[in-house]
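Asker: Sharing a structure here in structure tokens format.
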Amino acid sequence: MRKASLLLGMVLLVSLTAAAQDYPKADAFLGYSYVRANPATSGAPGFNLNGGSASIAYNPSESFGIVADFGGYHVGQIAGTSVDANLYTYLFGPRLSYRKHEWVTPFAQVLFGGAHASSGALGTGSANAFAMAAGGGVDIKVSQHVAVRAGQVEYLMTRFQESTPNRQTQNNLRFSTGILFRFGR
């Protein structure tokens, strides 16, 4: 009897350990992104950009991941004026995920990198700047290898030099939603 309960205890311990390691080793996100841009220049109005974003994350542990995030956004009109402007972001950094529930995974991340802005219609050319994003979101499991990113909301800071002296920080908001593919369970 004692050997049977010891064997049962070991089987339960091994199965709990295996269940605790049941997290994706990597995931890839593809989705829609909206950016509310807020230029720092006095009198310049905020404007909306629409586009998409993609990210790849490697998860060395259940709660910690390393993320590479890429986005492209477009605006066609600012304050009633037609423009043809694009913003591209490339950001990298850590992600913390809370994987205690099987169907829902909230996460938080801080990413650092750069941004590239280009404008063809205004004739202003292009510029590169430092960028940072901080925020989080929620993934909802659909199947073992697919999830829906219900929402990801982030503060997106860019540091483009503006015409007003000593103004170069733009405090923006980014919202993303889409599909997530999980690998290596």
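Rule-based calculations on the coordinates, nothing more; no lab input. What you see is a predicted model, and the numbers here were worked out from it, not measured in a lab. Cβ placement follows ideal geometry from the backbone for every residue including glycine, while neighbour counts extend to all protein chains displayed.
Asker: What residue, among those in the stretch 170-182 that are out of contact with any His (no Cβ under 7 Å at 6 or more places or on another chain) and loosely packed, with under 15 Cβ neighbours inside 10 Å, is farthest from Trp103 (Cα to Cα)?
Answerer: Step by step, filter the stretch 170-182, then rank; the result is Asn171.
Asker: Name every residue in the stretch 132-159 that is touching a Leu at 6+ places or on another chain (Cβ under 6 Å) and either within 19 Å of Tyr34 (Cα to Cα) or among the aromatic types (Phe, Trp, Tyr) (or both), in order of residue number.
Answerer: Matches in the stretch 132-159: Ala133, Asp139, Arg149.
Asker: Looking only at the stretch 126-158, which residues are farther than 30 Å from Lys100 by Cα and surrounded by 15 or more Cβ atoms within 10 Å (Cβ to Cβ)?
Answerer: Correct list: Ala129, Ala131, Met157, Thr158.
Asker: Also: Mind counting the residues in the stretch 23-69 that are of a type in the set (Ser, Thr, Tyr) and under 17 Å from Pro94 (Cβ atoms)?
Answerer: Residues in the stretch 23-69 being of a type in the set (Ser, Thr, Tyr) and under 17 Å from Pro94 (Cβ atoms): 5 in total.
Asker: Given the options Ser97, Ser118, Ser126, name the one that is polar (S, T, N, Q) and free of Cβ contacts under 8 Å to residues at least 12 places away in the same chain.
Answerer: Testing whether each residue is polar (S, T, N, Q) and free of Cβ contacts under 8 Å to residues at least 12 places away in the same chain leaves just Ser126.
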